[in-house]
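Enquirer: One structure coming up, written as structure tokens, with questions to follow.
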Amino acid sequence: MSSLTTEQLAYLVTHGELLALLSLQRLEAMLDASHAPPPPTAEELAAAEATVQAEMQRLQQQWLEQSTDGTPTDVNESVVIVPATATTSSVGVDIGAEIEEALARAYADIPARALALQDADAAGLAPALAALPGTLPALTQPLDAGGVSAWLDLHDAGDVALDELMARACALGSSAG
């Protein structure tokens, strides 16, 4: 892999920072969209506990009746199985507008960032860049919202190579000012 130009390095550092920021924005949007119910009140908790206690007493009585008269009773006939809901299910959120705005702001600063990175040693980024999947657009060039979204999906999936690259690129960007 040839060495990066300062402009390519500026895009790489910018994308590393953007992916971290946009990942947080996406997570926030997912949490906002999840419509989680408010926590139960003390009264609701007390009522639920009373219901559970009453059901336990009823089942205990049913079991006692079964064991004393010798006729089997279906203890499970009153038990209702409620399907579990996934508490960590992915909520589809669209942060396309946020991506477009973030790209516009960040790309306006590319010339200044390239100037600040002109003396940076980017050689340590080569192994991390080489470990990335070649199927996505290069992080060393301008991306559209779709390209950023693809990288964001990979980031949110916990891709180790991308995480390592982002950490190195962001550190390099921080040290350059």
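Enquirer: So residue 165 fits all but one of (1) within 16 Å of residue 10 (Cβ to Cβ); (2) open to solvent by 30 Å² or more (accessible area, probe 1.4 Å); what number is the exception?
Expert: Checking residue 165 against (1) within 16 Å of residue 10 (Cβ to Cβ); (2) open to solvent by 30 Å² or more (accessible area, probe 1.4 Å), the one that fails is (2).
Enquirer: Residues that are in a loop (DSSP other than H, G, I, E, B), crowded, with 18+ Cβ neighbours inside 10 Å and touching a residue at least 24 places away in the same chain (Cβ under 8 Å): does the stretch 122-133 have at least one? Write out each step before concluding.
Expert: We begin by selecting, within the stretch 122-133, every residue in a loop (DSSP other than H, G, I, E, B); these are 122, 131-133.
If we keep only those that are crowded, with 18+ Cβ neighbours inside 10 Å as well, we get 122.
Still in the list and also touching a residue at least 24 places away in the same chain (Cβ under 8 Å): 122.
Yes, some residue in the stretch 122-133 is in a loop (DSSP other than H, G, I, E, B), crowded, with 18+ Cβ neighbours inside 10 Å and touching a residue at least 24 places away in the same chain (Cβ under 8 Å).
Enquirer: Another question about this same structure. Anything in the stretch 1-27 that is of a type in the set (Gly, Ala, Ser) and open to solvent by less than 30 Å² (accessible area, probe 1.4 Å)? List them, or say none.
Expert: Narrowing the stretch 1-27 to residues of a type in the set (Gly, Ala, Ser): 2-3, 10, 16, 20, 23.
Selection gives 10, 16, 23.
Enquirer: Could I ask something else about it? Might you let me know whether the stretch 147-162 holds any residue that is open to solvent by 20 Å² or more (accessible area, probe 1.4 Å), within 19 Å of residue 10 (Cβ to Cβ) and part of a helix (DSSP H, G or I)? First the steps, then the outcome.
Expert: Of the stretch 147-162, the ones open to solvent by 20 Å² or more (accessible area, probe 1.4 Å) are 149-150, 153-161.
Restricting the remaining residues to those that are within 19 Å of residue 10 (Cβ to Cβ) gives none.
Checked against the condition, which is being open to solvent by 20 Å² or more (accessible area, probe 1.4 Å), within 19 Å of residue 10 (Cβ to Cβ) and part of a helix (DSSP H, G or I), the stretch 147-162 yields no hits at all.
Enquirer: When you check residue 110 against the structure, is it open to solvent by less than 60 Å² (accessible area, probe 1.4 Å) and under 23 Å from the mean Cα position of the chain (by Cα), yes or no? Steps first, please.
Expert: Details: open to solvent by less than 60 Å² (accessible area, probe 1.4 Å): yes; under 23 Å from the mean Cα position of the chain (by Cα): no.
It is false that residue 110 is open to solvent by less than 60 Å² (accessible area, probe 1.4 Å) and under 23 Å from the mean Cα position of the chain (by Cα).
Enquirer: Against the conditions (1) assigned to a helix (DSSP H, G or I); (2) over 18 Å from the mean Cα position of the chain (by Cα), where does residue 119 fall short? Just the number, please.
Expert: (1)
The values are calculated or read from the model by the stated rules, or taken from the named source; none is laboratory data. Computed from a predicted model, the values in this text were never measured in an experiment. For neighbour counting, all protein chains shown are included, and Cβ atoms are generated from backbone atoms with ideal geometry for every residue, glycine included. For the accessible areas, the whole protein counts, side chains as well, though only heavy atoms, and no ligand, DNA or RNA atoms are used. Shrake-Rupley method; radii C 1.70, N 1.55, O 1.52, S 1.80 Å.
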